[in-house]
Structure formats: C-alpha cells, structure tokens
Amino acid sequence: MSTDRYQSPLSERYASKEMQYIFSPDMKFRTWRKLWIALAETEKELGLDITEEQIAELKAHQEDINYDVAREREKVVRHDVMSHVYAYGVQCPKAKPIIHLGATSCYVGDNTDIIVMTEGLKLVKKKLVNVIAQLSEFAEKYKDLPTLAFTHFQPAQPATVGKRATLWTQEFLMDLEDLDYVLSTMKLLGSKGTTGTQASFLELFDGDQEMIDKIDPMIAAKMGFKDCYPVSGQTYSRKVDTRVCNILAGIAASAHKMSNDIRLLQHLKEIEEPFEKTQIGSSAMAYKRNPMRSERIASLSRYVMIDALNPAVTSAVQWFERTLDDSANKRLAIAEGFLATDGILDLCLNVTDGLKVYPKVIEKRLRSELPFMSTENIMMDAVKAGGDRQELHEKIRTLSMEAGRNVKEEGKENNLLELIAADPSFNLTLEELQKTMDPSRYTGRSAIQVDNFLKNTVNPVLERNKELLGIKAEINV
C-alpha cells in the first residue's frame, strides 16, 4: 500500500471489491475487446470481407490484454482507444486490418459506460433488495412492540417499533421501483459514427440501408441488450447518466432518513446499531457507544445526493453532437456515485442485520407520556360515570398543564393520573385510571398495517427477487 500519494477513501474504506471491479480499468478494457469482437462478427455476418480465422484470432486474445504494449503506445499517440487497437493488433496480426472497422472511439467508450453502469445498477439492486428483506424481518419481529411516536420530534400518539420500520422500508421500495424502471430502459449507443449519422457504414456497405439498419440491433443482442438508442450524436445522451445518478441519489436519501432516525433513537437509548466488543466509541470517553455506522451512512449519502448534480449539469451543457467537457467530470461523478452508494448499502445491510432494541427503555419513555395521550379515553370513561363532557375537558386541560409544569420545571414524575384521581369530578380511582395505561390500547392499527404491508407489498417484491437474497455485508472500518 502506497502512503505517499492520495488514495480514494471510496476504494480504500467504503466500496466493496465487487463494485470496485465493475468500475476498474480491467473491466473497461475487457469490455472494449468484447465490443470489437461483436462489431467484427456483425460486419462479417452482414457480408463484409472478414474471415472466421480473423474472428477466432480476436476471440483467442479477448482476455489476455497486453497492457504493457498499450501503455507504451499511448505515450506515443496520446489516445487511449487507438493505443488499445494497436495492442490488440499486435496480438492479432491477421485480424489487425479489421479491428474497430467503421467505428469511432465512442463505440467502445460509450457502449462500455452503459454496460458498466448497467452492471453497477444490478449490484445496487441486489444489495437494496436485501436491505428491504432485513428491514421487513425487523418490522415483523417488532410489529406489536409499542413505542412513543414523534411529530416534530415531540411526543405524539404511540405506534410500534415495527410500524416505524415499515416507513423506512417503503422508501427503499420506491427506490427499487425507480431502479427497475431505469434498468429496464438501458440501451447501448451502438455504432453510429462521428456525429451519429453512420456515414462510415454507408461507405462500407455501399449504401445498403437495410444492411446498415441491422448493425445496431445485432451488436446489442451480442452484448446482452435488447436495443440501442435510436438516434444519437457522437455519444449517447448524457441524460442517461442523469437518470442513473438520480436513482443513486434517491437510495442515498432513503438511507439518510433511516440513519438519522436510528441516530436519534440511539440517543434516546431505545435502539442501537451493532457495536462490537472491541469497538472504541471515543478516545476520551470510554463509556461512549457512538452510532458511527449510521453517521457514515448519512455522510456518504449527502455526497451521493449532491453528486447527482454533476451529470445533470453535464447533460445540460453538451453542445450539439458532443463536446468533451463531459469526460473528466463523468469519470469522477459516475464511478464515485456508484462506489459511495455501494458503501452506503453495505452499511445499511450491516446496521439493519444487527439492530439492538431495548424494550424496557422504550416502555419507560412511553409510559411517562402515556397519561397525556390517554386523556381522551379517561374523559370518555368519566362521562360514562356521569360527568359533563365540556366541564371535564377543561379540567383535564388544566390538570395536564399542571402535570407538565411538574415534569419540566421541577423534574418530577408525570403525576397527571394522581391529579385526576384526586378530583371528584371524574369519579375515577387511581387504580381504575392505571388500568387504562396499557400501551397497546393506543397504537391504533400499527400491527395490522405491518402485517398488510409485508403481505401485500413487500413479500411479492421479495418473491420476484428471491434469487438475489441471502448476502451479508463486510464493513472494512
């Protein structure tokens, strides 16, 4: 490991080896060779003077790339594509005259970018589906556990721990829907020439329009795609990059929201992310258990959400059939967006697989607020016992304010029930009031909603994607 130059934390700390390979030079250059073979095969099948021997020679050296030759050639010609055309030709002397025939640099460059992004989306989908699966298991396990729900981070009506997890799950499901749509619409550039007019193929095929129309569909099929974009300039529309990065940004936003909730709950000591036996929370405060993984999710997520601006701006400023101000930005924005999202999803997998719940703490906080939330039920019971609804409403309001002052200003326990029991207007004993303090009475349809959500929404998605299930994430730091 070199320590005397910058190293990307995305590759050193966060992204998986699998995602790093997808965006590696080796993946890129191997894909270039596959594309050159697909082009040569297509041209041969459509009648150009290309032999089986030439195709066989290209296939024989598809994997053993002579990187040293390509590097030395690039020093001379300053062009990466032509350097690799040259290096391939050195290995394939018989096929050398027909390598890259009729194509431009974007034939290998842009088609490879589409292929790489497609493979990246497939890996993102795999991890996203498993996050959804783990969250659904958590929601099922805790669907009946009452918890204090918050609006504005102020105590509101109770829900359940499982119901809260469904809110996180639903947002990830929205991301999966968007991802599936974009993945289903990914198309190759094909081979369209310098300005997208296929002029070079008019020369090669002597103006035979029917033959030329077959080129792109045949290349797409050989590379595992359903189609190519019907029209283009020199490049595929950079709008594609925008759509892809918006998917990543959406996943990041969902992960950020979940991680924020977990961080707040860890502050309340109700839920904790995994914390290993030898893990250090603070260099000074040995007792601390910081939510560092959830914090890292939030940190990387902000990067991915902002990164989505890069392809949007790049797409907007492409002049006419192409400019090259996309290249440097694209190399950074696309790869790093995927690597960061990969790191986010690995962290989400790790956190959701080991969330620790503390029911006693949850119950204690809920019970401290429950008297306020049960006042409507208490008032109805008092009316049944002969009380006046309007008079009782005013009394409960006054007593609630008094109990609130006791808690906030004097640090006392919530004594609202005692205050109500002492007021003869309610005609209720403290024992009768305490019987109404069962938290499960106040969670509404939370458990039923969890059951319905898992049965009708989540499980069908998991069944459709069952071949993707079962992965675990490895966290490097």
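Each value in this text was obtained by applying a stated rule to the coordinates, not by laboratory testing. In this text the structure is predicted, and so the values were computed from the model without any measurement. Counting neighbours? That spans all protein chains shown, and the Cβs are built from the backbone with ideal geometry, glycine included.
Normalising the Debye intensity of the range 17-105 to I(0), with uniform scatterers on Cα atoms only, and taking log10 at q = 0.19, 0.26 Å⁻¹ returns -0.85, -1.35. In the range 31-111, a dipole from Cβ-located charges (positive for Lys and Arg, negative for Asp and Glu) runs towards its positive end, and of ASN111, ALA95, HIS84 it is HIS84 whose Cα lies farthest in that direction.
Packing-based ranking of 328-334, 16-22 yields 16-22, 328-334, ordered from highest to lowest mean Cβ neighbour count within 10 Å. When Rg and the Kirkwood radius Rh are both evaluated on Cα atoms of the chain, their ratio Rg/Rh stands at 1.16.
Calculated mean residue ellipticity at 222 nm for the chain: -20000 deg cm²/dmol, from DSSP H runs with n ≥ 4 weighted as -39500 (n - 2.57), summed, divided by the residue count and rounded to 500. The calculated Kirkwood hydrodynamic radius for the range 375-436 is 11.7 Å, given to one decimal from all distinct C-alpha pairs. Relative to the longest principal axis of the Cα atoms of the chain, the long axis of helix 375-384 makes an angle of roughly 40 degrees. Each label was represented as a point 7 Å from its Cα along the Cα-to-Cβ direction; for LYS455 and ASN290 these points are 4.5 nm apart. If a/c stays under 1.5 just call it rounded; otherwise compare a/b with b/c (prolate if a/b is bigger, oblate if not). Do that for the range 319-452, with a ≥ b ≥ c from the square roots of the Cα gyration tensor eigenvalues. Prolate is the answer for the range 319-452, as a/c is 1.5 or above and a/b outweighs b/c.
When the Cα atoms of the range 198-241 are aligned to their principal axes, the ranges along those axes come out at 35, 22, 12 Å in descending order. Please state the charge dipole magnitude for the chain, taken about the Cα centre, from unit charges on C-beta atoms (+1 on K and R, -1 on D and E), reported in debye and rounded to the nearest 20. Using Cβ point charges on Lys, Arg, Asp and Glu, the chain gives about 980 debye.
Label-to-label distance, GLU463 versus GLU431, with points set 7 angstrom from Cα along the beta-carbon direction: 5.2 nm. For the peptides 259-269, 428-438, the ranking by packing is 259-269, 428-438, with the highest mean count of neighbouring Cβ atoms within 10 Å listed first. The 3J(HN,Hα) values that the Karplus relation (6.51, -1.76, 1.60; θ = phi - 60°) gives for the range 152-159 are, in residue order, 6, 6, 10, x, 10, 6, x, 10 Hz. Gly and Pro appear as x. Farthest towards the positive end of the charge dipole of the chain, among the residues LEU433, LEU204, THR151, is the Cα of LEU433, using unit charges on the Cβ of Lys, Arg, Asp and Glu. Which aspartates and glutamates does LYS435 reach when only Cα atoms under 20 Å apart count, and residues fewer than 8 places away in its own chain are ignored? Qualifying aspartates and glutamates at Cα under 20 Å: ASP144, GLU363, GLU369, GLU376, ASP381, GLU413, GLU418, ASP423. Taking Cα atoms only, the orientation of helix 67-77 departs from the longest principal axis of the chain by about 70 degrees. Note on the range 197-221 and the range 79-121: Cα centroid distance 18 Å, given to the nearest whole angstrom.
If R0 is 56 Å, the Cβ-Cβ spacing of GLN170 and GLU52 corresponds to a FRET efficiency of close to 0.55. Going by alpha carbons, how many degrees (0 to 90, nearest 10) lie between the helix axis of 80-91 and the longest principal axis of the chain? Tilt of helix 80-91: around 60 degrees. With a cut-off of 18 Å on the backbone N, the residues of the range 46-60 near the modelled label site 7 Å out from LYS94 along Cα-Cβ are 48-60.
When peptides 156-162, 460-466 are ranked by their average number of other Cβ atoms within 10 Å per residue, the highest-first order is 156-162, 460-466.
Dividing the mean sequence gap of close Cα pairs (under 8 Å, 6+ apart) by how many residues the chain holds gives a relative contact order of 19 percent.
Sites listed here are chymotrypsin sites (Phe, Trp or Tyr not before Pro) in the range 313-412 whose DSSP assignment is loop and whose Cβ has at most 12 other Cβ atoms within 10 Å: TRP319, PHE320. Rounded, prolate or oblate: which one fits the range 80-140, using the alpha carbon gyration tensor with axes a ≥ b ≥ c (rounded when a/c is under 1.5, else prolate when a/b beats b/c, else oblate)? Prolate shape, in that a/c is at least 1.5 and a/b is the bigger ratio. Of the residues LEU135, LEU265, ALA252, the one whose Cα sits farthest towards the positive end of the charge dipole of the range 114-271 is LEU265 (charges of +1 on Lys and Arg Cβ, -1 on Asp and Glu Cβ, taken about the Cα centre).
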